[in-house]
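S.K.: Okay, here's the structure, questions in a sec.
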Amino acid sequence: MSKRNASMLGDAYKSTKQPRHWSLGLVGSMKDPELIVKQSDRVVAIRDKYPKAKVHYLVLPQDDINSIYGLNKNHISLLEEFGDFYEELKENHDGATLRAGFHAVPSLQRLHMHVISSDMVSPCLKTKVHWNSFTTKFFIPYQDVLSELKESGSIQKISTELHKSLMSTDLQCNQCSFKPKNMPQLKEHLFTHVK
DNA sequence: GTTCTAGAAC
DNA sequence: GTTCTAGAAC
C-alpha cells in the first residue's frame, strides 16, 4: 500500500505492528479497487472475498453503519438504493437466480447485504454454519428488512435460542428434498446433480 | 469472517 | 486408518 493511501485510511491502517481486528475486514475490502464492482455517493458493491456460490456480492453503505440493527427510518432511502444495486447486479447476471438479504447475526462489522446465486457451488462453502446462514431464516431477505424498517422504524434482533437452533438445523438441499449426511455429501450433490 | 487441528465419527 | 466436525485463536 502507498503512503498516500495509508494516510487516507486513518490510524487503524498505519499500525504495522498489529493487523486490525478481523471483524473490521470489510471496511478495508470496500476500498479495494480489485473488489469494487459499482459505487455511488452512499453505496458500494464488492465481490465477496470468500464467495459461497458462483455469484456472490456484498452491498454496503459508505457511511459507518454497523449492522441492520443500526438502521432507523432515516435510512429507508439508503436501503432503497441497496435495492437499485441489487436490480443492476441481477441485470448483469441474466440467467442466475440472485437472492438479496442480510444475516440475522453478522460476524463482520459494517452493514452488508449479500447478493448471492442459488447454486451454492463454491470451494469457500465449507461448514454447516456457512450453509445454514444462507438457507435458513438466518438469511433475512432484503424486502423483509425494508418492510420492517418502514413499519416499525428499526429491526428486531433474534434471540440467542433461535440463533443456536437455526445454526444447528439439519442439512437440507436448497433446491430439492435431498437431506445430505454431511457437508462433503451436500457439496457433491450440488456440484453433480443440481443445475 | 478464516485457519488450524484434536479427537469424534465413520 | 481416514474423514469430518467443531472449538480456539493472547
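Readers should treat all values here as calculations from the given coordinates under stated rules, not as data from a laboratory. Here the structure is a predicted model, which is why all the values come from computation and not from measurement. So basically every Cβ, Gly included, is an ideal-geometry build from the backbone, and we count neighbours across all protein chains shown.
S.K.: Against the longest alpha carbon principal axis of chain A, how many degrees, from 0 to 90 and to the nearest 10, is the axis of helix A:76-92 turned?
M.R.: Around 60 degrees separate the two axes.
S.K.: Can I ask one more? Pop a pseudo-label 7 angstrom from the Cα along the beta-carbon direction at both residue A:73 and residue A:50 and give the gap in nm to one decimal.
M.R.: Label-label distance for residue A:73 and residue A:50, simple model: 3.9 nm.
S.K.: Excluding residue A:56 itself, calculate the net charge of residues whose Cβ lies under 9 Å from the Cβ of residue A:56, where each Lys or Arg counts +1 and each Asp or Glu counts -1. Intermediate values should be presented prior to the final figure.
M.R.: Working: positive: A:47, A:52, A:54; negative: A:48.
Here the count lands on +2.
S.K.: Right, something else. Where does chain A land on the Kirkwood hydrodynamic radius, alpha-carbon pairs, in angstrom?
M.R.: Result for chain A stands at 18.0 Å.
S.K.: If you don't mind, another one. Assuming R0 = 35 Å, what is the FRET efficiency of residue A:38 and residue A:174, from their Cβ-Cβ distance, to the nearest 0.05? Mind dumping the intermediate values first?
M.R.: Working: r = 26 Å, r/R0 = 0.76.
Plugging the Cβ-Cβ distance into 1/(1 + (r/R0)^6) gives 0.85.
S.K.: In addition: For chain A, what does the relative contact order come out to in percent, with C-alpha contacts under 8 Å and a separation of six or more?
M.R.: Numbers: 275 pairs, mean separation 39.4, N = 195.
Reported as a whole number, the value is 20 percent.
S.K.: Placing +1 at every Lys and Arg Cβ and -1 at every Asp and Glu Cβ, with all other atoms neutral, what dipole size does the range A:7-192 have around its Cα centre, in debye to the nearest 20?
M.R.: Details: 23 positive and 21 negative charges, 177 e Å.
Using Cβ point charges on Lys, Arg, Asp and Glu, the range A:7-192 gives about 840 debye.
S.K.: Something else now. For every other residue with a beta carbon closer than 10 angstrom to the beta carbon of residue A:104, add +1 if it is Lys or Arg and -1 if Asp or Glu, then tell me the sum.
M.R.: Taking every Cβ under 10 Å from that of residue A:104, the sum is +2.
S.K.: Ok, one more. Quick check: residue separation of residue A:150 and residue A:164 times 0.36 nm, minus the Cα distance between them. What number comes out in nm?
M.R.: Extra length from residue A:150 to residue A:164 when fully extended: 2.2 nm.
S.K.: Between residue A:24 and residue A:93, what is 0.36 nm times their sequence separation minus the Cα-Cα distance? Round to one decimal in nm.
M.R.: Roughly 21.9 nm would be gained on extension.
S.K.: If you don't mind, there's one more thing I want to ask. Cα-Cα over 29 Å: which of A:49/A:150; A:31/A:164; A:126/A:164?
M.R.: Too far apart for the 29 Å limit: A:49/A:150; A:31/A:164.
S.K.: ³J(HN,Hα) across the range A:41-50 via Karplus (A = 6.51, B = -1.76, C = 1.60, θ = phi - 60°), whole Hz, x for Gly/Pro?
M.R.: Result, rounded to whole Hz: 4, 9, 9, 9, 10, 10, 6, 5, 5, 10.
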